[in-house]
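The values are calculated or read from the model by the stated rules, or taken from the named source; none is laboratory data. Predicted model, so just to flag it, every value in this text is computed and none were measured. Backbone-built Cβ (ideal geometry, glycine too); neighbour counts: all protein chains shown. These accessible areas exclude ligands, DNA and RNA; they are computed on the full protein's heavy atoms, side chains included. Shrake-Rupley method; radii C 1.70, N 1.55, O 1.52, S 1.80 Å.
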Amino acid sequence: QVQLVESGGGLVQPGESLRLSCAASGSIFSINAMGWYRQAPGKERELVAAITSGGTPNYADSVKGRFTISRDNAKNTVYLQMNSLKPEDTAVYYCNADIRSSWRRGYSPYWGQGTQVTVSS
């Protein structure tokens with residue numbers, strides 16, 4: 001079994017920062033891309049940022065210049081540093097990773113349980 005466990009969400013004021021973490025554990029042979037998605041009430045889930053196994057990042061236009069994604073392959077962990085947060089960043093943030101659980105298997109997508117980020121004065 002593979003699990004993704006997120007941490008770091010919370011309530012902050014506009015302009016403040018938060019750092020999300022997501023650690024993958026269990027039967028892991030290798031991890032390909034990792035990323036963060038978010039879903040606000042009444043909206044579809046959207047990609048926030050993703051990072052390849054080699055460390056190349058990709059960002060949604062709405063967070064470019066404010067958010068930074070990084071990963072520690074030794075710890076099977078992906079991070080999302082969120083600066084200059086805005087009320088429109090309020091959402092449940094989900095971690096995603098493409099994981100191969102054994103050499104016999106291909107990559108499959110796994111999701112974390114989600115962590116709430118609320119930006120409000």
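Numbers for the structure displayed
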item: Number of the condition not met by Thr118 [criteria: (1) within 15 Å of the chain's Cα centre (by Cα); (2) closer than 27 Å to Gly15 by Cβ]; result: (1)
item: Conditions (1) within 20 Å of Gln3 (Cα to Cα); (2) over 13 Å from the mean Cα position of the chain (by Cα); (3) part of a loop (DSSP other than H, G, I, E, B): number failed by Gln113; result: (2)
item: Members of region 3-38 that are aliphatic (A, V, I, L, M) and within 16 Å of the chain's Cα centre (by Cα); result: Leu4, Val5, Leu18, Leu20, Ala23, Ala24, Ile31, Ala33, Met34
item: Residue match in region 56-64 (condition: among the aromatic types (Phe, Trp, Tyr), modelled with pLDDT of 95 or more and farther than 15 Å from Ser30 by Cβ); result: yes
item: Per-region count, region 68-83, residues polar (S, T, N, Q), farther than 10 Å from Ile51 by Cβ and open to solvent by less than 50 Å² (accessible area, probe 1.4 Å); result: 2
item: Qualifying residue in region 25-39 (condition: surrounded by 15 or more Cβ atoms within 10 Å (Cβ to Cβ), in contact with a Phe, Trp or Tyr (Cβ under 9 Å, 6 or more places away or on another chain), assigned to a strand (DSSP E or B) and without any contact (Cβ under 8 Å) to a residue 12 or more places away in the chain); result: no
item: Search result, residues across region 53-100 that are within 21 Å of Ala40 (Cβ to Cβ) and part of a helix (DSSP H, G or I); result: Pro87, Glu88, Asp89
item: Long-range neighbours under 9 Å by Cβ, at least six apart or interchain, first residue touching a residue at least 12 places away in the same chain (Cβ under 8 Å) within region 62-75, second in a helix (DSSP H, G or I) and open to solvent by less than 40 Å² (accessible area, probe 1.4 Å); result: Ser62/Asp89; Val63/Asp89; Arg66/Asp89; Phe67/Asp89
item: Subset tally (residues that are open to solvent by 30 Å² or more (accessible area, probe 1.4 Å) and either under 26 Å from Ser102 (Cβ atoms) or of a type outside the set (Gly, Ala, Ser) (or both)) for region 1-13; result: 5
item: Among (1) within 18 Å of Gly114 (Cα to Cα); (2) without any contact (Cβ under 8 Å) to a residue 40 or more places away in the chain, the one test that Ser7 misses; result: (2)
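Yes/no matrix, rows are residues, columns are (1) in contact with a His (Cβ under 9 Å, 6 or more places away or on another chain); (2) free of Cβ contacts under 8 Å to residues at least 40 places away in the same chain; (3) in a strand (DSSP E or B); (4) surrounded by fewer than 20 Cβ atoms within 10 Å (Cβ to Cβ):
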| residue | (1), (2), (3), (4) |
| --- | --- |
| Gly15 | no, no, no, yes |
| Ala49 | no, yes, yes, no |
| Ser102 | no, no, no, yes |
| Pro109 | no, yes, yes, yes |
